[in-house]
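The values are calculated or read from the model by the stated rules, or taken from the named source; none is laboratory data. All of these numbers come straight from a predicted model, not from anything done at the bench. Glycine also receives a Cβ, built like all others from the backbone with ideal geometry; neighbour counts cover every protein chain displayed.
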Amino acid sequence: MKFTLPFLFAAVAVLTLVCPAIATGFVVGTIDTIGGTTYDFSNPCSGIQRMMYFDPDHGIHVAWIYSASTQTTFPDRNARYNFFDNNTGEWNWIDPDYMQSGINVFTERVGYGSIDLDPIRSVPVISCHYGSPITPMVARSIALGSETFEFCLGEPTLEGYLWPLCAVSAFGTVHLAMIDDASRDGLFHSRCPDWSTWSEPFDIPGSQPAPCFPNQHITASKQSGRVVIIWEHSGGSPGPGFYRLSTDDGVTWQPPVDIGWPPAFGGDTLTSFHIASFGSMFDRDDSLHIVAAVMPYIGGQGYVAPSEIWHFCPTNDPVWNRIHRADPDTIPYPVGYNTIFACRPKIGQDPATGRLYAAWSEFDSENFEPETELLRADIWASMSADNGLTWTPGVRLTGPDNASRVYFDLADIVNDTLHIVWQADLVAGAFVQAQGPPSFNPIVCMEVPVSAIGVEETEGRLSYRPQGLRIWPNPAANRVCFDVGLEGQREGKLKICDAAGRLVVNCDLSKAESGRRFSWNLRDSDGNRVKPGVYVARLEADRRSWTDKLIILR
């Protein structure tokens, strides 16, 4: 087993301003650019925890941390909001300049937070912190699709708390999971059932270790008063994970639960959670599901790779099941601040079928930002048809280009489509953390048909089917990967020809990773390195064919 690069990296300071266009890689599904920001560090660890809520009856709600400033103080920082209205089939606030799309939620400078839906009123609720002493504040739209918000201030009860993440229960109660500003260690909960009175902050870890870092996660059921708060003890060696559950809308809490580590690496290698490990949801039966990113821990040191994505459900046997493993051959450049090679997992469910969908951010070891020498990340996804016991091979949903997609969200309600939003960081690395220059980063909403995850029903069983040919990186200099999606169909053929149609190499798909990905070292059938130029890749399978152009660089 190989272990590549320790977890923490030094920042790289760069002072120039850039505003490049997005180069085109592949994208599965359709996308809309609905806003933008220069603030490329949406939350201390896991991004604005929930950026999106999909309401099947009305539309899609999206919020993000906004600034158009290139100053390190970000004087205009705010939460920004946009809404896709099912009735009109359009986003409410779109401008030709994507940095002007969306609307500001708050009337003063705020930071961090998240979005959820008030199921009683069908309107968004958005949390942030503000002022001095720093204090949480929550906004709620006065009507569906309105650009006017009403506010519920945390003062005086919540003065001295920050990084508030919100969740709204089936009864419309607003819940906050927040960190105390004095120690920046403790994790606390407060609830507001009447839009005026906040409960006294309640110590969530109790007898268990505190987070020691703002890595909290909160989810509330839309069917009941079940609320869960999850955290990782970042001071652990390795870092353990915990959750605490309330079944009465946050009035009382069950004892905290040590979630245990999944059996990820084996041998003498320990498993550790990561500060951006957790995502969660309550399913159609009101059962809890958690997804987690884990890293290897050796000799007191966590490593960014190999990293794995796992699913936890307390009613499953076993409770932990692996979704995906990211194990690159090499990592020539760092992955950046507060990340591991595959991280920030999210989970959703199609209530009609019960199928679970997981998505995560994963770095590409062959796609890096020249200015910061940091790797870029893309979005991957997987599906389970048996409540998380088994998962389909991971599918890459976005392709290599000049954007990095570290901060993203998956809506936890799925119909026939996955709804995903991401910040397209046009210079990989956080300007907020002095890792690179400021850039005007689009906020992109993507709709992915569930069929693109690569499954179909056949005679009462699931089978994988080809979903087309995807090539990355393209152009390529040293190695190229073909995503072919041929699980259970190894009779598929992949041929590489030159621009004149002459056969260069027949690819042996029996060597494809999990039947879905074939890696080519740019050598022909005689073992010679091919010349730079334009080539054509052709995949034939199941009486269908796909063709795409491939550019080989020197």
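Quick notes on this one:
- When residues of the stretch 148-205 are limited to those that are among the aliphatic types (A, V, I, L, M) and surrounded by fewer than 18 Cβ atoms within 10 Å (Cβ to Cβ), the one modelled with the lowest pLDDT: Ala182
The rows are residues; the columns are (1) at pLDDT 95 or above; (2) crowded, with 24+ Cβ neighbours inside 10 Å; (3) not β-branched (Val, Ile, Thr).
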residue: Lys2; (1), (2), (3): no, no, yes
residue: Val14; (1), (2), (3): no, no, no
residue: Pro20; (1), (2), (3): no, no, yes
residue: Gly25; (1), (2), (3): no, no, yes
residue: Ile34; (1), (2), (3): yes, yes, no
residue: Gly47; (1), (2), (3): no, yes, yes
residue: Asp95; (1), (2), (3): yes, no, yes
residue: Tyr98; (1), (2), (3): yes, no, yes
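- Residue tally, condition of a type in the set (A, V, I, L, M, F, W, C), in a strand (DSSP E or B) and closer than 17 Å to Thr157 by Cβ, over the stretch 98-139: 3
- Arg191 within 25 Å of Ile309 (Cβ to Cβ) and among the charged types (D, E, K, R): no
- Test: residue in the stretch 309-316 that is in contact with a strand residue (DSSP E or B) (Cβ under 6 Å, 6 or more places away or on another chain) and assigned to a loop (DSSP other than H, G, I, E, B): yes
- Taken together, Asp317, Asp268, Asp327, Asp286 contain a single residue that is surrounded by fewer than 24 Cβ atoms within 10 Å (Cβ to Cβ), more than 20 Å from Ala220 (Cβ to Cβ) and touching a Lys or Arg at 6+ places or on another chain (Cβ under 8 Å), which is Asp327.
- Matching entry among Tyr53, Tyr130, Tyr112 (being at pLDDT below 95, closer than 25 Å to His175 by Cβ and among the aromatic types (Phe, Trp, Tyr)): Tyr112
- Ser272 fulfils the conditions (1) under 21 Å from Gly186 (Cα atoms); (2) among the polar types (S, T, N, Q); (3) in contact with a Cys (Cβ under 8 Å, 6 or more places away or on another chain); (4) assigned by TED's automatic domain parsing to the domain that holds Gly348 except for a single criterion, (3).
- None of Ser141, Ser132 is at negative phi, of a type in the set (Gly, Ala, Ser) and surrounded by 15 or more Cβ atoms within 10 Å (Cβ to Cβ) except Ser141.
- Subset of the stretch 223-263 (residues that are of a type in the set (S, T, N, Q) and in a strand (DSSP E or B)): Ser246
- Subset of the stretch 76-128 (residues that are within 21 Å of the chain's Cα centre (by Cα) and among the charged types (D, E, K, R)): Arg80, Asp116
- The lone exception for Lys511 - which of (1) surrounded by fewer than 19 Cβ atoms within 10 Å (Cβ to Cβ); (2) basic (Lys, Arg); (3) modelled with pLDDT of 70 or more it fails: (3)
- Scanning the stretch 283-336 for residues that are over 30 Å from Thr247 (Cβ atoms) and of a type in the set (A, V, I, L, M, F, W, C) gives Met295, Ile298, Val304, Ala305, Ala326, Ile331, Val335.
- The number of residues in the stretch 211-220 that are assigned to a loop (DSSP other than H, G, I, E, B) and either touching a helix residue (DSSP H, G or I) at 6+ places or on another chain (Cβ under 9 Å) or buried (at least 22 other Cβ atoms within 10 Å of the Cβ) (or both) comes to 4.
- In the stretch 330-374, of all residues being acidic (Asp, Glu) and within 19 Å of Ile290 (Cα to Cα), the one that is surrounded by the fewest Cβ atoms within 10 Å (Cβ to Cβ) corresponds to Asp350.
Conditions tested, residue by residue: (1) closer than 15 Å to Ala326 by Cβ; (2) in contact with a strand residue (DSSP E or B) (Cβ under 6 Å, 6 or more places away or on another chain).
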{"position": "Thr353", "(1), (2)": "no, no"}
{"position": "Ser361", "(1), (2)": "yes, yes"}
{"position": "Ser365", "(1), (2)": "yes, no"}
{"position": "Leu374", "(1), (2)": "no, no"}
{"position": "Ile379", "(1), (2)": "yes, yes"}
{"position": "Thr392", "(1), (2)": "no, yes"}
{"position": "Arg396", "(1), (2)": "yes, yes"}
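- Condition met for Arg396 (under 25 Å from Asp55 (Cβ atoms), surrounded by fewer than 24 Cβ atoms within 10 Å (Cβ to Cβ) and not assigned by TED's automatic domain parsing to the domain that holds Asn474): no
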